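S.K.: Dropping a structure here in structure tokens format, bear with me for questions.
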Amino acid sequence: MAKTIVVTSGKGGVGKTTSTAAIGAGLAKRGHKTVVIDFDVGLRNLDLIMGCERRVVFDLINVIQGDAKLKQALVKDRRLDTLSVLPTSQTRDKDALTPEGVEKVLGELKEEFDYIICDSPAGIERGAHLAMYYADEAIVVTNPEVSSVRDSDRVLGLLNSKTWRAEKGDGDPVKAHLLLTRYDTDRVAKGEMMPIDDVLEILAIPLLGIIPESTTVLRASNVGMPVVMDEKSNAGRAYEDAVSRLIGEQIEMRIPPEERPSLLRRFLGRGA
Amino acid sequence: MFRFLRQQPRRSDSAKAAKERLQILLAHDRSDRARDDLLPLLQRDILEVVKRHMRVDSDAVEIKLQRGDDMSSLEINIEVPDAQSRQAG
Ligand SMILES: Nc1ncnc2c1ncn2[C@@H]1O[C@H](COP(=O)(O)OP(=O)(O)OP(=O)(O)O)[C@@H](O)[C@H]1O
Ligand SMILES: [Mg+2]
């Protein structure tokens with residue numbers, strides 16, 4: 001059974017696209033047929049983060065409007081043959097995305113893929129609404145910071161009321177997971193950043209993973225490589241752990257240490 | 001020796017303030033949301049009952065829910081056709 005998972009947050013810039021790429025690639029690495037879809041109509045960044053922007057010919061909107069077949073719009077990843085990208089268009093027409101169109105595309109994708117990962121735009125408008133509407137599960141990307149936590153709470157409310165599962169489904173509601181990103185252990189230790197437990201207590205949903213603030217994320221995006229493909233990246237390892245939990249493995253929660261040695265350690269020659 | 005240095009950070013603890021503010025704020029957000037979900041349903045049901053007994057417009061029912069710290073109130077206004085127009089009609 002194919003699973004549709006939305007990566008959402010309310011607040012912008014918290015790491016949804018980075019997480020979509022990393023988790024999509026992580027699932028594909030384990031042999032699951034995975035497609036990542038960009039719902040951020042008008043901005044279109046997922047193809048760039050995935051490193052396939054030059055091979056985009058058609059997009060989600062072309063498929064919805066009947067100008068291209070789904071097969072023509074899907075871009076196969078060159079590194080992982082189980083991974084595909086469905087890019088979006090840069091059109092400014094917000095109405096280009098229709099519920100019927102999205103439902104049809106997702107229906108077709110379900111026949112071919114095991115996992116369909118939807119990269120939501122920020123906000124709670126049309127694009128974000130449609131990205132979550134048909135989801136079975138949701139990854140709520142949150143930074144340990146007041147406005148991000150508040151927006152995540154709002155999004156959790158929407159997942160429970162404004163989705164297909166909430167409105168028409170007669171089974172389970174959308175299963176929500178918390179993905180805490182840009183977590184900075186040093187700043188938490190200094191009392192400048194909320195610790196994991198506090199965020200968990202407030203949002204009260206199961207924790208999928210903790211992704212540390214890491215310089216490797218920018219590096220990976222520079223070259224168009226999902227961060228899980230960088231073996232040296234601590235953020236990549238944290239995403240791998242999150243993927244394991246997503247597919248039901250029980251693994252201990254840990255925060256991979258930043259590979260960049262602290263100044264002090266470098267002086268002492270203990271740096272890695 | 002260095003561990004000692006590392007364990008003596010200046011605890012600003014603004015993070016604690018963040019948590020406390022969020023807890024208060026989210027309690028409000030959540031009750032606002034619950035209210036937003038409730039009011040249209042309440043309005044629909046009241047209108048249905050009133051319509052069973054008299055002819056009113058579909059927008060005749062207006063409700064307001066006000067939450068205060070000590071007291072909350074539910075205000076329901078129903079506009080009914082006045083006697084004159086009823087006689088005329
Ligand atoms: N763990 C991390 N460590 C350091 N930087 C990160 C991390 N995660 C994301 N970033 C950086 O944060 C920025 C925003 O990330 P991203 O584009 O994934 O967010 P988004 O939620 O998709 O944004 P938008 O709401 O605009 O779609 C990028 O510059 C990215 O490199
Ligand atoms: Mg994005």
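The values are calculated or read from the model by the stated rules, or taken from the named source; none is laboratory data. Treat the numbers as computed from the prediction; the structure is a model and nothing was measured. Note that each Cβ is placed from the backbone with ideal geometry, even for glycine, and that neighbours are counted across all protein chains shown. Surface areas here come from the heavy atoms of the whole protein model, side chains and all, with no ligands, DNA or RNA. Shrake-Rupley method; radii C 1.70, N 1.55, O 1.52, S 1.80 Å.
Conditions (1) over 30 Å from A:Glu167 (Cβ atoms); (2) over 26 Å from the mean Cα position of the chain (by Cα); (3) modelled with pLDDT under 85, marked per residue:
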residue	(1), (2), (3)
B:Met1	yes, yes, yes
B:Arg21	yes, no, no
B:Glu48	no, no, no
B:Ala60	no, no, no
B:Glu75	no, no, no
B:Glu79	yes, no, no
B:Gln84	yes, yes, yes
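S.K.: How about the range B:13-27: which of its residues are open to solvent by less than 70 Å² (accessible area, probe 1.4 Å) and within 7 Å of chain A (Cβ to nearest Cβ)?
M.R.: Of everything in the range B:13-27, those that are open to solvent by less than 70 Å² (accessible area, probe 1.4 Å) and within 7 Å of chain A (Cβ to nearest Cβ) turn out to be B:Asp13, B:Ser14, B:Ala15, B:Ala18, B:Lys19, B:Leu22, B:Leu25, B:Leu26.
S.K.: List the helices (runs of 4 or more DSSP H) inside the range A:136-228, counting only whole elements, that have at least 1 residues being among the acidic types (Asp, Glu).
M.R.: Passing ranges, in order: A:146-161, A:164-167, A:185-189, A:196-203.
S.K.: Applying the selection to the range A:179-196, what residues are crowded, with 19+ Cβ neighbours inside 10 Å and away from chain B (no Cβ under 11 Å)?
M.R.: Passing the criteria: A:Leu179, A:Leu180, A:Thr181, A:Arg182, A:Tyr183.
S.K.: Here's another thing I want to ask about it. Could you run through the range A:167-178 and say how many residues are within 13 Å of another protein chain (Cβ to nearest Cβ) and either modelled with pLDDT of 95 or more or in contact with a Leu (Cβ under 6 Å, 6 or more places away or on another chain) (or both)?
M.R.: The number of residues fulfilling the criteria is 0.
S.K.: Determine which single condition A:Asn143 fails, assuming it passes every other condition in (1) farther than 23 Å from A:Ile64 by Cα; (2) surrounded by fewer than 22 Cβ atoms within 10 Å (Cβ to Cβ).
M.R.: (2)
S.K.: Within the bounds of the range B:28-44, is there any residue that is surrounded by 11 or more Cβ atoms within 10 Å (Cβ to Cβ), part of a loop (DSSP other than H, G, I, E, B) and free of Cβ contacts under 8 Å to residues at least 40 places away in the same chain?
M.R.: no
S.K.: For A:Leu109, state whether it is more than 16 Å from ligand 2 (Cβ to nearest atom), in a helix (DSSP H, G or I), closer than 25 Å to A:Ser152 by Cα and among the aliphatic types (A, V, I, L, M).
M.R.: Spelling it out, it is not the case that A:Leu109 is more than 16 Å from ligand 2 (Cβ to nearest atom), in a helix (DSSP H, G or I), closer than 25 Å to A:Ser152 by Cα and among the aliphatic types (A, V, I, L, M).
S.K.: Right, here's the next one. Would you check if A:Val199 is of a type in the set (A, V, I, L, M), over 15 Å from the mean Cα position of the chain (by Cα) and within 14 Å of chain B (Cβ to nearest Cβ)?
M.R.: Judged against the criteria, A:Val199 is a match.
S.K.: OK, next. Return a yes/no flag: does the range A:117-131 have any residue that is out of contact with any Ser or Thr (no Cβ under 6 Å at 6 or more places or on another chain), over 26 Å from B:His28 (Cα atoms) and of a type in the set (A, V, I, L, M, F, W, C).
M.R.: Within the range A:117-131, one or more residues are out of contact with any Ser or Thr (no Cβ under 6 Å at 6 or more places or on another chain), over 26 Å from B:His28 (Cα atoms) and of a type in the set (A, V, I, L, M, F, W, C).
S.K.: For the subset of the range A:130-149 comprising residues that are under 24 Å from A:Asp170 (Cα atoms) and away from ligand 2 (no atom under 16 Å from the Cβ), which member is nearest to the other protein chains (Cβ to nearest Cβ)?
M.R.: By that ranking, first place goes to A:Tyr133.
S.K.: Oh, and also: Looking only at the range A:229-240, which residues are assigned to a helix (DSSP H, G or I) and either open to solvent by less than 10 Å² (accessible area, probe 1.4 Å) or among the β-branched types (Val, Ile, Thr) (or both)?
M.R.: A:Asn234, A:Ala235, A:Gly236, A:Ala238, A:Tyr239
S.K.: From the set of residues in the range A:205-249 that are of a type in the set (Ser, Thr, Tyr) and under 15 Å from the mean Cα position of the chain (by Cα), which is farthest from ligand 1 (Cβ to nearest atom)?
M.R.: A:Ser244
S.K.: So how many residues does the range A:1-45 have that are closer than 15 Å to A:Tyr115 by Cβ and open to solvent by less than 10 Å² (accessible area, probe 1.4 Å)?
M.R.: Total meeting the criteria: 18.
S.K.: For the range A:83-105, does any single residue satisfy the condition of being over 20 Å from A:Met1 (Cβ atoms), at pLDDT 95 or above and small (Gly, Ala, Ser)?
M.R.: Within the range A:83-105, one or more residues are over 20 Å from A:Met1 (Cβ atoms), at pLDDT 95 or above and small (Gly, Ala, Ser).
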